[in-house]
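What follows is calculated from the coordinates using simple rules that are stated; it is not laboratory data. Fair warning: this is a prediction, and the values are worked out from it, not measured in the lab. Cβ: placed from backbone, ideal geometry, glycine included. Neighbour counts: every protein chain shown.
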Amino acid sequence: MSTAVFKPRPDQMGDNNEKKTSYLTAGFNIRSWLLTVDHKRIAILYLLSLTFFFFLGGMFAVLIRLELITPAGDLMQAETYNKMFTMHGVVMVFFFLIPSIPAVFGNFLVPLMIGAKDLAFPRINLLSWYLFMFGGMLGFAAIIFGGVDTGWTFYTPYSSTYANSNVILAALGAFFAGFSSILTGLNFIATIHKMRAPGMTWFRMPLFIWAHYATSIIQILGTPVVAITIILVALERLFHIGIFDPKLGGDPILFQHLFWFYSHPAVYIMILPSMGVISEVITCFSKKKIFGYEFIAFSSLGIAVLGFLVWGHHMYTSGQSIYVSLVFSVLTFLVAIPSAIKVFNWTATLYKGSVSYDAPMLYAIGFIGLFTIGGLTGVFLATLGVNVHVHDTYFIVAHFHYIMVGGAIMGYMAALHFWWPKITGRLYPEVWARVASFVIFFGFHLTFFPQFIVGYLGMPRRYHAYPEEFQIWNILSSAGASILGLGYLIPLIYFIWSLKYGERASANPWNAKGLEWEKADSPPTQFNFDKTPIVDQEVYDY
Amino acid sequence: MSTKETALQHHFENLDQQFEASTLGMWAFLVQEILFFGGLFAGYIVYRNWYPEAFHLGSEHLDVFLGTVNTAVLICSSLTMAMAVHWAQKGDKNKIITFLVLTFILGAVFLGIKAVEYSHKFHAGLLPGDGFIWHGEHGDQVRIFYSFYFVMTGMHALHMIIGAGILIHLIVQAGKDRYDANYFTPVELFGLYWHFVDIIWIFLFPLLYLLGRH
């Protein structure tokens with residue numbers, strides 16, 4: 001291992017850590033980044049790549065919303081529109097949402113929060129980024145070569161037999177991104193079990209860690225199933241092996257079972273880490289120990305377990321037995337229990353706390369409201385009768401965007417603001433951050449709330465043209481989307497600005513509890529702590 | 001310089017912690033593998049229930065003799081792998097290398113026999129796809145049987161090939177004196193992987209070759 005010490009440039013040295021080398025100044029050439037095994041640098045690599053994919057996916061959303069301003073299909077043809085919503089879904093789900101919080105903040109924070117020098121397998125961690133980038137490039141190539149039009153779900157037999165687009169490239173992209181996700185989960189599980197600092201007992205772990213532990217279990221148990229399913233689709237497409245082709249005696253519905261066995265739990269891969277972030281932020285900005293720590297911890301595991309038993313609720317109209325649907329319906333209702341436990345505990349934490357409304361907290365509070373709407377409409381949708389009525393309408397689209405944008409991305413934004421001073425050592429302009437959070441909150445509602453209404457009125461998803469009476473709702477939605485897009489651009493600008501001009505952050509700008517704030521610098525040194533911390537405090541001892 | 005010092009990676013406190021973390025990581029990886037093959041086994045169960053006759057017909061064209069030989073070869077390779085781990089724990093370099101090489105040879109024999117079987121099926125027109133030829137009843141369903149046969153044994157063979165690659169790496173490392181009684185993690189963990197791949201075959205063999213034969 002190289003023992004070269006790089007001297008930090010004078011302008012990069014903080015006032016209070018002049019003698020130490022932070023992980024950012026431990027090397028300046030490209031090689032020191034692309035071959036790094038430092039979990040913090042890998043987190044930065046992920047942050048940059050995910051930002052690219054987020055705006056790429058967002059671009060497709062812009063085109064979708066532009067087309068839907070008018071009832072006629074005048075901006076693009078139906079085929080082109082199919083590609084737009086497919087690529088929006090593929091990019092956002094596989095190349096942004098699934099990796100998002102675990103790959104960026106999990107990578108950065110799991111070792112810091114439990115008092116370890118790194119994740120258990122640093123080289124596998126780097127490998128996971130390369131796998132992700134390889135998958136991302138395949139997905140990107142699929143877009144460049146003309147796109148995919150199957151919908152992000154790749155339903156057979158359309159995807160395996162009939163579609164004339166780059167299905168294999170896009171599906172293999174998801175396959176490699178999936179293995180990246182498996183390796184991240186594997187790394188977290190080994191790290192959380194075996195690398196905790198002395199005194200860091202299971203019930204002294206931050207809830208962010210519990211959430212990532214539950215997420216990792218899903219990543220390991222779910223992702224390989226979709227991986228083999230993708231291989232079967234590719235083989236079906238290349239060689240006509242018959243497994244998913246009804247003409248040859250195969251069963252396209254089997255694909256849906258295998259696909260949703262992963263892809264429903266994948267929703268919890270997106271939302272659980274976000275819930276972990278919210279638990280950290282709520283307790284910090286209430287300056288009060290979180291209410292019901294054990295309940296929140298176990299509700300994460302509960303969601304992970306229940307998440308595997310509900311996939312059939314995507315298939316109520318697929319012709320599956322009504323009794324099967326009934327069981328899936330009941331099991332889906334059960335997910336509401338651990339979810340509600342979290343929401344009630346967060347709200348109870350606010351009670352009699354000294355609440356301050358900094359940007360991360362605004363996102364966290366936004367999360368609670370939006371997640372509640374998304375979650376409750378999920379209960380509507382778990383109900384057989386209601387589901388059949390609104391199946392494949394904009395009601396569904398609105399519901400899952402409340403969970404994925406209103407939940408997962410709100411949590412991502414909360415995390416970005418909360419840990420930005422820790423990651424970069426700089427403070428962002430607080431006023432702008434608060435303004436942006438309101439713009440996003442307002443833009444989000446204006447985009448997606450009308451979709452509940454228009455969906456309930458019967459507008460189906462995935463069509464580029466629609467009857468005129470739905471136009472007003474679509475105009476509102478498109479107007480909201482432009483505000484939402486602006487809301488995401490503002491943080492992009494001020495975060496970049498803050499890297500050079502932002503005020504230098506102290507080690508603990510929020511007066512938060514936790515090893516990453518109390519024992520590590522901002523930005524942390526290369527191996528996180530000067531010496532292995534010994535934990536003698538209870539968790540969230542505010 | 002003793003191997004003990006060089007083997008400890010910077011982010012672990014001691015070798016015990018490193019060993020435990022690596023072992024847990026490997027088990028988690030194997031769980032992932034089970035689910036990976038699990039998707040195929042689930043599909044197999046569904047279609048076997050739908051098309052029992054076609055699956056019988058298809059399975060009768062598989063070579064039970066070669067399949068049995070291969071099963072024996074693979075079980076023997078598990079034994080030699082277990083011996084390699086045993087001698088790694090004792091720190092006997094020459095015996096580690098001997099048993100790793102034996103394991104490699106047995107793995108290669110397995111893959112060779114598998115290749116012979118594949119080539120027979122290929123020439124008989126049993127490779128699923130547009131060129132699939134079946135003179136008899138339930139042609140499409142038999143094709144599905146052969147799709148499972150090729151995908152399941154193919155995925156298994158792919159794991160064997162990757163395993164053979166890792167074996168070469170281990171043999172080279174053992175030759176460089178990297179393993180002793182204090183540090184033998186890679187050999188032990190590879191043993192877990194190798195046994196896992198064996199166990200997959202132990203399930204594949206009866207499901208594909210034996211079940212429902214007359």
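Quick rundown of the values:
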item: The stretch A:526-536 - phi-based ³J(HN,Hα) in whole Hz, Karplus 6.51/-1.76/1.60, Gly and Pro as x; result: 4, 10, 6, 10, 5, 9, 4, x, 10, 8, 10
item: For a label point 7 Å along the Cα-to-beta-carbon line of A:Phe298, residues of the stretch A:334-351 with backbone N under 17 Å; result: A:335-346
item: Magnitude of the charge dipole, the stretch A:376-494, Cβ model with Lys/Arg +1 and Asp/Glu -1, debye to 20; result: 420
item: Within 10 Å of each Cβ in A:235-241, the average number of Cβ atoms from other chains; result: 5
item: Model label zone, A:Thr80; criterion: amide N under 19 Å from point 7 Å along Cα-to-beta-carbon; scope the stretch A:460-477; result: A:462-466
item: Signed unit charges on C-beta, dipole axis of the protein assembly as shown, positive-most listed residue B:Phe148, A:Gly139, A:Tyr357; result: A:Tyr357
item: Kirkwood Rh and Cα Rg combined as Rg over Rh, evaluated for the stretch A:29-137; result: 1.15
item: Dipole magnitude (debye, nearest 20) for the stretch B:34-210, charges at Cβ of Lys, Arg, Asp, Glu; result: 520
item: Gaussian network model of chain B, springs between alpha carbon atoms under 10 Å - residue of B:Gly58, B:Gly129, B:Gly154 with greatest fluctuation; result: B:Gly129
item: Quarter of Cα convex hull surface for the stretch A:320-451, i.e. mean projection, nm²; result: 9.7
item: Lys/Arg +1, Asp/Glu -1 at C-beta; the stretch A:44-518 dipole; positive extreme among A:Val93, A:Phe259, A:Leu492; result: A:Leu492
item: Dipole magnitude (debye, nearest 20) for the protein assembly as shown, charges at Cβ of Lys, Arg, Asp, Glu; result: 1400
item: Calculated P(r) tail over 43 Å for the protein assembly as shown, as whole % of Cα pairs; result: 31
item: Range in chain A, longest, excluding exposed GluC sites (Glu not before Pro) [loop by DSSP; at most 14 other beta-carbon atoms within 10 Å]; result: A:19-502
item: Helical contribution to [θ] at 222 nm, DSSP H n ≥ 4, -39,500 (n - 2.57), averaged over the protein assembly as shown, rounded to 500; result: -23000 deg cm²/dmol
item: Space enclosed by the convex hull of the alpha-carbon atoms of the stretch A:286-329, per residue, Å³; result: 89
item: Span per principal axis, largest first, for the Cα atoms of the stretch A:294-393 (Å); result: 53, 30, 17
item: Cα→Cβ-extended label distance, 7 Å offset, between B:Gln173 and A:Ile472, nm; result: 6.9
item: At least 24 Å along the helix axis (C-alpha) and Kyte average at least -1.0, DSSP helices within chain A; result: A:39-67, A:122-144, A:167-194, A:207-239, A:252-286, A:322-350, A:359-382, A:430-456, A:471-501
item: Under the Debye formula (equal points on every Cα, no solvent term), log10 I(q)/I(0) of the stretch B:101-214 at q = 0.10, 0.15, 0.23 Å⁻¹; result: -0.41, -0.76, -1.32
item: Point-to-point label distance, A:Glu538-B:Ala124, nm (Cα→Cβ direction, 7 Å offset); result: 7.0
item: A:Ser482, A:Ser498 arranged by Cβ crowding within 10 Å, fewest neighbours leading; result: A:Ser482, A:Ser498
item: Net length gained if the chain between B:Leu192 and B:Val101 were fully extended (0.36 nm per residue, minus Cα distance); result: 31.1 nm
item: Lys/Arg +1, Asp/Glu -1 at C-beta; the protein assembly as shown dipole; positive extreme among B:His159, A:Leu47, A:Thr153; result: A:Leu47
item: Inter-chain shielding of A:250-259 (mean C-beta neighbours from other protein chains, 10 Å cut-off); result: 3
item: Sparse-neighbourhood loop sites, trypsin sites (Lys or Arg not before Pro) in the stretch A:287-385 - DSSP loop, at most 12 other Cβ within 10 angstrom; result: A:Lys352
item: Nearest 10 degrees, 0 to 90: helix B:15-50 Cα axis against chain B principal axis; result: 0
